[in-house]
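Have a look at the structure below, then the notes.
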Amino acid sequence: MSTIAVDWTRCDAHGLCSRLLPEEITLDEWGFPLVARRDLDRSLVRAARQAAAACPALALRLTQSS
Amino acid sequence: MTSMLETPTTPVSAIGAPRLLAGVVDHGRVDHARHLALHGPPALRRRGWLVTASHEVGLLGRGGAAFPVSTKLAAMPTGTRCSVLLNGSEGEPASRKDRTLMTYAPHLVIDGALLVADALETDDVTIAVHDPVAHDSLVRACAERTDAGHVRVVRTRDGFVGGEVRAVVRGVDGGRAVPEGRRVLPHVRGVGGRPTFASNVETFAQLAVLSGLGVTRYAAVGPATEPGTSLVTLIGDTLRPGVVEVPNGTHLPLLLPPSPAPVLIGGYHGTWRPTADGLVVERASLRAAGAPLGAGVIARPYAGTCVVDEVVRVARWLASESAGQCGPCWFGLPAVADDLAALAGGAGPDRAASAHRRLDLVRGRGACSHPDGSAMFVGSALEVLAAELSVHQHHGRCGLPPSNVLPLPVGAR
């Protein structure tokens, strides 16, 4: 299973992740991502990878959890 | 000023026979001759002995996170590429126990450092200290003995977040003392990039006592689950304000004579409770009760005073201490402090709802425990001080004199 991890020291609230993966990521009142805490659905892994790759601050990571 | 060193400025006392503070209560600073008379030379042990012994007595780190020392020691490689780091930065403004220990019993801290370094077969030892008096006492102590020439004592300059161990590692290495974004623990990569056994200074003093007494005698005091003693800082309406060495298992009401006032347990990353009834100084049970001991600060305002404005001040200070690395902490803590200030000034329940919603946005969303700890302080205050806040809501103020017990660093607003 995969989960999405945010490096909070890198995140600058660009908000692209929420546009690319609205199923999993919403934004708080300051524009920082709120990630759903469940394991990522298989069908969303591809979109999650794209969201991580698109982050201008390289703040998003996909981690494999067993 | 040498004279300042000789007798404690913070009142120091013990319940039962002091171990870490042996000699301090009666004589002030324990110099090397007195230290040798009290404790003898450091009892050097192999790493395996230390791992087993600290496991058997359930020794937990004394900086606040209460991580098992044996696990940390067992995870370390050995050899000259290892480092030993003693965290004496004591960023918690309400805590005095670490600077008191380093100032008045410096040799016990150094013994612990030498003991761990020897067990890990390295001589790379650093003590990171913020307080200038404690720093000078340690430097002087190293000069008083012949086996500590290689011990590095360095001043840290940073605040609350700068005292988090990964931040101390970066500060010691000459960088800005803020935690890294990725959670790499010091035993993997610490001082100078080397595997580092890092812990609070009291942990090292406890290891020195454990090594000197052996498991059986060390465990002769306190409950079987966590034998030994602990240093706590008592503030405000408590039995003996100041630094107190207490046997583990001490009932908190013994330290807090009856009063209707609420209690703060664990300091500014700690928890407000309506009462200390039923709680004992035992880290696992306090954690289970939802009031972790943290760095050992226990504070209580005097009955008939109002602590609300002080809680607002501490909340503002916590917000100002954000390192500014992580958005939810940097934006969230000031917003939460504003909500709290509005409530203190008479705002209604919608502002309380806003505070709770924002606390949820702050928790778990940072590189270190600052947002979580701060949310614990403010969240528990909202709950425990609900009656006081409701008086403020209906009358704007409560009319009681301010409590004046929660210290902040000089210069803080």
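We did not get these values from a lab; they are worked out from the coordinates using the rules stated. Since we're looking at a predicted model, the values are computed, not measured. In this analysis, Cβ positions are derived from the backbone assuming ideal geometry, glycine residues included, and neighbour counts consider all displayed protein chains.
At a glance:
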{"quantity": "Equivalent ellipsoid, the protein assembly as shown (semi-axes from 5 times Cα gyration tensor eigenvalues, Å)", "calculated": "38, 30, 19"}
{"quantity": "Inter-probe distance in nm under a simple model that places probes 7 Å from Cα toward Cβ, at A:Q64 and B:T10", "calculated": "4.8"}
{"quantity": "Computed FRET value (nearest 0.05) for B:F67 with B:H394, which takes r as the C-beta separation and R₀ as 41 Å", "calculated": "0.35"}
{"quantity": "Computed Rg/Rh of the stretch B:308-395, alpha carbon atoms with Kirkwood Rh", "calculated": "0.97"}
{"quantity": "The stretch A:2-64, relative contact order in percent, only Cα pairs under 8 angstrom and at least six apart counted", "calculated": "50"}
{"quantity": "Zone of B:R155's modelled label, taken as backbone nitrogen in the stretch B:165-184 under 19 Å from a point 7 Å along Cα→Cβ", "calculated": "B:168-178"}
{"quantity": "Pairwise Cα inverse-distance average, inverted: Kirkwood Rh of chain B (Å)", "calculated": "21.7"}
{"quantity": "Rounded FRET efficiency, nearest 0.05, which uses the C-beta distance separating B:T146 from B:R189 and R0 of 35 Å", "calculated": "0.60"}
{"quantity": "Proxy reagent accessibility, fewest Cβ within 10 Å first, across A:I25, B:I15", "calculated": "B:I15, A:I25"}
{"quantity": "In the stretch B:104-168, the trypsin sites (Lys or Arg not before Pro) that fall in loop regions by DSSP, at most 13 other Cβ within 10 Å", "calculated": "B:R157"}
{"quantity": "Largest-first principal axis extents, alpha carbons of chain A, Å", "calculated": "31, 19, 18"}
{"quantity": "Where only alpha carbons of the stretch B:2-218 are counted, the Rg and the Dmax (Å)", "calculated": "16.0, 47"}
{"quantity": "Low-density loop positions, trypsin sites (Lys or Arg not before Pro), the stretch B:51-130 - DSSP coil, at most 14 other Cβ in 10 Å", "calculated": "B:R81"}
{"quantity": "Amide H contacts under 5 Å for B:C306, placed H, 5+ residues apart", "calculated": "B:S403"}
